[in-house]
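The values are calculated or read from the model by the stated rules, or taken from the named source; none is laboratory data. Note that the coordinates shown come from a computational prediction; the quantities given were computed from them, not determined experimentally. Cβ sites come from the backbone with ideal geometry, for glycine too, and all protein chains shown count toward neighbours. To get the accessible areas, we keep the full protein, side chains included, count just its heavy atoms, and leave off ligands, DNA and RNA. Shrake-Rupley method; radii C 1.70, N 1.55, O 1.52, S 1.80 Å.
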Amino acid sequence: MKNSILLLFTLVIISCKSGKNSGNQSEANLNELVTIMQGQYSSEAHSKRDTSYFNISLRMVPIWKNKGHYLYVEQAMFTKQEKPYRVRIYKVSQRGDEFVSEIHTLKNEKDWIGKWKTPEAFESLTESDIELKPGCEVVLKRVGKNKFTGQTGIKTCPSELRGATYATSKVTVTENEILSWDQGFDKNDKQVWGAEKGGYEFIKY
């Protein structure tokens, strides 16, 4: 009887330690993802190798550190970085063994262009000033050290750009590179915008 109780007690301790270690590892993986996502990127090398791709600037800067894992994002033609065509806030969180990057728009996005230079300025931004794009979140999995890959759901992200009805994104994040393939499709599943051969290769600099 005593041996049975001792065995049960030992198993409970092992289980608790295992759960704690698993939680710590998951948090470490989340921090790893957010850390390698942030930075300044360009697709210059890709555009020189294949002229059907543009030289695009991509910036991802951490904000709201006391609220979780948020990144302010600007994407622009490299020669027109003062006029980004995409301004977003990503919220990166964990869901089981997956990591979710939720996409938010800013209600007055023009007021925030260039504020990546002073991330503390976003402390005056509130959650009511941003809007979630439901169904457009990218779900990623860790496939190796400093490597995560994933995509949006199937036909879950609505889009009206250039006659599209939905958009898709496929993303791979590594320590010094982001491969991002955004595409828009119409109601007949015909592609109407986005790269056709594959994703844009953004190199961190």
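Here are a few things to note about the model shown:
- Exactly one residue out of 72, 53, 90 is in contact with a Ser or Thr (Cβ under 6 Å, 6 or more places away or on another chain), of a type outside the set (A, V, I, L, M) and part of a strand (DSSP E or B), and it is 90.
- When we screen 169, 159, 101, 180 for residues that are surrounded by 13 or more Cβ atoms within 10 Å (Cβ to Cβ), over 14 Å from the mean Cα position of the chain (by Cα) and modelled with pLDDT of 95 or more, the only hit is 159.
- Any hit, segment 119-129, residues being touching a residue at least 12 places away in the same chain (Cβ under 8 Å), hydrophobic (A, V, I, L, M, F, W, C), open to solvent by less than 20 Å² (accessible area, probe 1.4 Å) and not in a strand (DSSP E or B): yes
- Screening segment 37-54 for residues that are in contact (Cβ under 8 Å) with a residue 12 or more places away in the chain and over 20 Å from the mean Cα position of the chain (by Cα) and picking the one that is most open to solvent (accessible area, probe 1.4 Å) gives 54.
- Test: residue in segment 145-158 that is in a strand (DSSP E or B) and either among the aliphatic types (A, V, I, L, M) or in contact with a Gly (Cβ under 9 Å, 6 or more places away or on another chain) (or both): yes
- The set of residues in segment 61-98 that are among the hydrophobic types (A, V, I, L, M, F, W, C), open to solvent by 20 Å² or more (accessible area, probe 1.4 Å) and closer than 22 Å to residue 127 by Cβ contains only 61.
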